[in-house]
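Read through the structure below, which is laid out as structure tokens, and then see the notes.
The values are calculated or read from the model by the stated rules, or taken from the named source; none is laboratory data. Keep in mind that what you see is a predicted model, and the values were worked out from it rather than measured. Neighbour counts are summed over all protein chains in view; Cβ atoms, including those assigned to glycine, are modelled from backbone coordinates with ideal geometry. To get the accessible areas, we keep the full protein, side chains included, count just its heavy atoms, and leave off ligands, DNA and RNA. Shrake-Rupley method; radii C 1.70, N 1.55, O 1.52, S 1.80 Å.
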Amino acid sequence: MKTEHTSPLCGRRVLVAVSGSIAAVKSPLLVSALIKAGAEVRCLVTTSGAALVSPVALASLSRHRCYLEADQWNPAASRPLHIELAEWAELTIVAPLSASSLARWSQGSADGLLASVLLATEAPVIAAPAMNTAMWRHPAVQRNWLQIQDFPRVVPLFPESGLLACDSVGDGRMADPLLIELAAASVFSRGPGAPAINLDLSGMSVLVSAGPTQETIDPARFLSNRSSGRMGVLLAQAARFRGATVHLVHGPLDLPVAWLQGLQCTAVETAAELSAALQLAQPTSDVLVMAAAVADLRREVAPANKLAKLELKEVLSSGWYEVPDLLSNLTRQRRPEQLILGFSALTGDDTQFLERAESKRLAKGCDLMMVNPVDRNGQGFGDQPNGGWLLGDGWRRELPVTAKLSLAHQLLDALIKIRDQAAASMES
Ligand SMILES: Cc1cc2nc3c(=O)[nH]c(=O)nc-3n(C[C@H](O)[C@H](O)[C@H](O)COP(=O)(O)O)c2cc1C
């Protein structure tokens, strides 16, 4: 059965390298996710890695033979295998990256197939270390980890904190395979001509709101909307992959929890909680992305007991107050150099829709507003692609429907353009 792929990974050549960490047992999940996204995958496993995960499993899942360290010395090969693989791959993912493989890479050692590929490749490399907490915190490992982040085209995925196979709780868990897949998709999400890895948001602090808010009707019911939070969370991760420190304030989300790894997260439910969390974080942020879909109405006081059907009808028809416009409040309080991107979900025909959107952008005072129709088949909510228009000061640009992660990068490109233009006009 053929599947339709909309992922930026579709048709891309990805080498998955597995080294000797117990987290190697999760590598088959990564390979499977990449294949489902339409990527062409080859696997390479070190000798210690092969003792922890079956090369046969990796071969079956990648639909291709799995390379072992010994294959580098095959007398029948007419070209060195490490060069073949390094030139074949448009992206290499080392997951898990063991302390030993990290040490070899940081020191420029070509000792072994994986080590040789890492020196020979000119494509991006995603590095996902995994080890015991004490090993991870060792100064030698930390020094090596810092060193490889200075190498060109490296995307570092810091290990997470949690229960480790050695029964301790602490840093050292490999990033989740779904997050690694997202980082890989991000590499292929930039437009033509843009570098695959660009740390152009380095040193910036980005505040993102995402997901719906929920306003209580009674203990069993709430008023909310269809937002899944994907657009906002993907914007947050895209900014983080481009070097920003990201704080995500989110309502209840409908997406893989692994997508929150690496972000500073604050979970909220109501519009009032969202507003309070954003106000607290806004003063220290360089960029605010307001992608949350805030409920329009709220009640002052919610009934203590579940309402019967007739009571519900009564409660739904009165006693609701408008939720204050959070975006307008935040733009009023911003520092002069803070950039703000707002979102507006609209329905109806294009002309009316764009007129309404432009007056909304002006009223709210944000630098950019992404306007997306939510009444068209195959775009908008959930895991569907997205598109619409981007409105700026005196201009508007159509954003064709594409994967949400690609759109996230286009929106960040537009923010960076405004930042750079403002910096250039200050200098002149
Ligand atoms: C059961 C077991 C689990 C291991 N887990 C890890 C680990 O999580 N991280 C790590 O850096 N090393 C771990 N090691 C040690 C590495 O396998 C060892 O350093 C090996 O030399 C790594 O070689 P490689 O990088 O070529 O795969 C583990 C060893 C064993 C026997």
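Details
- Taken over region 2-59, the criterion of being within 16 Å of the ligand (Cβ to nearest atom), β-branched (V, I, T) and assigned to a helix (DSSP H, G or I) is satisfied by I22, V25, T47.
- For region 53-61, the condition holds for no residue, the condition being that it is within 22 Å of M131 (Cβ to Cβ), polar (S, T, N, Q) and open to solvent by less than 10 Å² (accessible area, probe 1.4 Å).
- Consider region 63-106 and keep the residues that are hydroxyl-bearing (S, T, Y) and out of contact with any strand residue (DSSP E or B) (no Cβ under 6 Å at 6 or more places or on another chain). The one that is farthest from the ligand (Cβ to nearest atom) is S78.
- Some residue of region 202-214 being free of Cβ contacts under 8 Å to residues at least 60 places away in the same chain, among the small types (G, A, S) and more than 16 Å from the ligand (Cβ to nearest atom): yes
- Criterion violated by A194 - all others in (1) surrounded by fewer than 20 Cβ atoms within 10 Å (Cβ to Cβ); (2) touching a strand residue (DSSP E or B) at 6+ places or on another chain (Cβ under 9 Å); (3) not assigned by TED's automatic domain parsing to the domain that holds K309 satisfied: (2)
- Candidates S317, S275, S285 - the one that is open to solvent by less than 60 Å² (accessible area, probe 1.4 Å) and farther than 30 Å from P156 by Cβ: S275
- Boolean, V233 is more than 14 Å from the chain's Cα centre (by Cα), in the same structural domain as E322 (by TED's automatic domain parsing), buried (at least 21 other Cβ atoms within 10 Å of the Cβ) and in contact (Cβ under 8 Å) with a residue 24 or more places away in the chain: no
- Matching option when the condition is closer than 19 Å to S19 by Cα and either open to solvent by less than 10 Å² (accessible area, probe 1.4 Å) or within 16 Å of the ligand (Cβ to nearest atom) (or both), among S116, S161: S116
- Taken over region 178-191, the criterion of being surrounded by fewer than 22 Cβ atoms within 10 Å (Cβ to Cβ) and within 29 Å of A134 (Cβ to Cβ) is satisfied by L178 alone.
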